[in-house]
Structure formats: C-alpha cells, structure tokens
Amino acid sequence: ATYNIPLVVRLNGELDRAALRAALGDVVARHESLRTVFPETDGTPYQHVLDSVSVELPATDIAEAELPEALKSAARHAFDLAAEIPLHAELFTVSEHRHALLLVVHHIAGDGWSLGPLAADLTRAYTARVEGRVPE
C-alpha cells in the first residue's frame, strides 16, 4: 500500500452507476499504463499491455460516520501487479444522492500529478455516457 495513490471524488446528486462503470472502462481503455500488468518469467517481471480489461466497481452502502475509515482501509488495496491492472475503483454510497468514489492508482502507473487529468478524463467520459454517447 506504500505505492498507492488514492483519490476520493465526492459525488452529489443522481448517480448513473452503469454510466460510471462504462466511463471507468473508457478511461482504462484510453490509457495504456492503466491496462498494463507485470507478470514474471523466470523471476524477471516484464510489462504486458492488455488489449481489453473489464473494470470492476464494487459498491458499498455505508453510514457517513464510517466513511473515513472505510476509505482509508480501501485505499490500502494490495495490488497483484502480475495479474491485476494498477487501478482500483470502489464506490461508497452514503445516501441516494451522496456517494464517494475512491480511485487508487499504483505508483507504477501514475503519480500525484496524474490524478487531476485522470479525474478530468473520467468526468468527460461519465458525462458522455450519461448522455448516451461514447466519449471521444
């Protein structure tokens, strides 16, 4: 978890979970570094870029008071970089119109600076998906 870079995005209002899941897939498809795994051959890791990836978005209903600890715990996600993409996403629902989206990027695929463009890219993709479009 030392190499994890978390980003929490508070989402207020109506949330289209299918559009959010599709938007995450769009972002991962667009960024090769987010589709890269690092399997080993004879003890030596190598980069392998996956052609396509199914992005999981587990969702948890949670009380506001429990949210900080749940986010902290989820941000410590243990990546298996040999088999798992270096992006983990999790959605926490506090109420029908209040959510927290946690994105955890392993440092092998990004740094603190890259979270801003990642969030902007996800926002554009989500907006397009909500409007029934495929993002550009």
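The set of residues in the range 78-107 that are surrounded by 15 or more Cβ atoms within 10 Å (Cβ to Cβ), under 22 Å from residue 46 (Cα atoms), more than 10 Å from the chain's Cα centre (by Cα) and touching a residue at least 60 places away in the same chain (Cβ under 8 Å) comprises 79, 106.
For residue 19, the conditions (1) without any contact (Cβ under 8 Å) to a residue 24 or more places away in the chain; (2) under 25 Å from residue 131 (Cβ atoms) all hold with the exception of (1). Does residue 88 count as assigned to a strand (DSSP E or B) and not aliphatic (A, V, I, L, M)? When the stated conditions are applied, residue 88 passes them. When 64, 14 are checked against the criterion of being out of contact with any strand residue (DSSP E or B) (no Cβ under 9 Å at 6 or more places or on another chain) and loosely packed, with under 12 Cβ neighbours inside 10 Å, a single residue qualifies: 14.
Under 7 Å between Cβ atoms, which residue pairs at least 6 apart in sequence (or on different chains) link something in the range 45-73 that is in a helix (DSSP H, G or I) with a partner that is among the small types (Gly, Ala, Ser)? Close Cβ pairs satisfying both conditions: 67/100; 71/100.
Here is a yes/no grid of residues against (1) modelled with pLDDT of 95 or more; (2) within 21 Å of residue 22 (Cα to Cα):
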residue: 88; (1), (2): yes, yes
residue: 94; (1), (2): yes, no
residue: 98; (1), (2): yes, yes
residue: 103; (1), (2): yes, yes
residue: 115; (1), (2): no, yes
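The residues on offer are 71, 57, and the sole one that is under 23 Å from residue 116 (Cβ atoms), surrounded by 12 or more Cβ atoms within 10 Å (Cβ to Cβ) and out of contact with any helix residue (DSSP H, G or I) (no Cβ under 9 Å at 6 or more places or on another chain) is 71.
Being over 30 Å from residue 13 (Cα atoms) and touching a Lys or Arg at 6+ places or on another chain (Cβ under 9 Å) is the filter; apply it to the range 41-86 and report the residue that is modelled with the lowest pLDDT. Let's see the steps before the verdict.
So in the range 41-86, the residues over 30 Å from residue 13 (Cα atoms) come out as 41-52, 78-84.
From what is left, the residues that are touching a Lys or Arg at 6+ places or on another chain (Cβ under 9 Å) are 49-52.
Details: 49: 97, 50: 96, 51: 94, 52: 90.
Ranking the candidates gives 52 first.
Please name all residue pairs, on different chains or six or more residues apart, with Cβ atoms under 6 Å, provided the first residue is in the range 118-135 and is more than 16 Å from residue 87 (Cα to Cα) and touching a residue at least 60 places away in the same chain (Cβ under 8 Å) and the second residue is surrounded by 15 or more Cβ atoms within 10 Å (Cβ to Cβ) and β-branched (Val, Ile, Thr). Listed pairs, sorted by first residue: 125/27.
Quick check: anything in the range 32-43 in a loop (DSSP other than H, G, I, E, B), more than 18 Å from the chain's Cα centre (by Cα) and without any contact (Cβ under 8 Å) to a residue 24 or more places away in the chain? Yes, there is a match, as at least one residue in the range 32-43 is in a loop (DSSP other than H, G, I, E, B), more than 18 Å from the chain's Cα centre (by Cα) and without any contact (Cβ under 8 Å) to a residue 24 or more places away in the chain.
The values are calculated or read from the model by the stated rules, or taken from the named source; none is laboratory data. The shown structure was predicted, so the numbers you read here are calculated from the model rather than taken from an experiment. Cβ sites come from the backbone with ideal geometry, for glycine too, and all protein chains shown count toward neighbours.
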